Amino acid sequence: MLSKTEREYLQGKYHPNKSHKRFIKYKIKKKLKEFYQLELPLIQNSSVSDFTNIISEFTNTLDNDSVKTRSPGRDTSSRPNAYEAFALPG
């Protein structure tokens, strides 16, 4: 992981002197080399690299049972529920 100074240098927010600039470049290259040689292969060979959103597997539709049930102790009103108010006819 890059340090705050290394991130700021890469973003152009930090302008070090010549010797410190050389040292920052050395540290960034060293971290990248370590990442590519050691950490990336570990991530690629594991199940962690599956960047899927498990929540997106579910749908936002309501089944008929959940539409018909109401909260206990609530009055029934003639006002439509939100999903009924904006439903298209048919």
Here the residues within the range 9-50 that are in contact with a helix residue (DSSP H, G or I) (Cβ under 6 Å, 6 or more places away or on another chain) and small (G, A, S) are S49
L38 passes all but one of the listed conditions (1) in contact with a Phe, Trp or Tyr (Cβ under 8 Å, 6 or more places away or on another chain); (2) outside any loop (DSSP other than H, G, I, E, B); (3) modelled with pLDDT of 55 or more; the exception is number (1)
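The values are calculated or read from the model by the stated rules, or taken from the named source; none is laboratory data. Predicted, not measured: the structure shown is a model, and the values here were computed from it. Neighbour counts run over all protein chains shown; Cβ positions are idealised from the backbone, glycine included.
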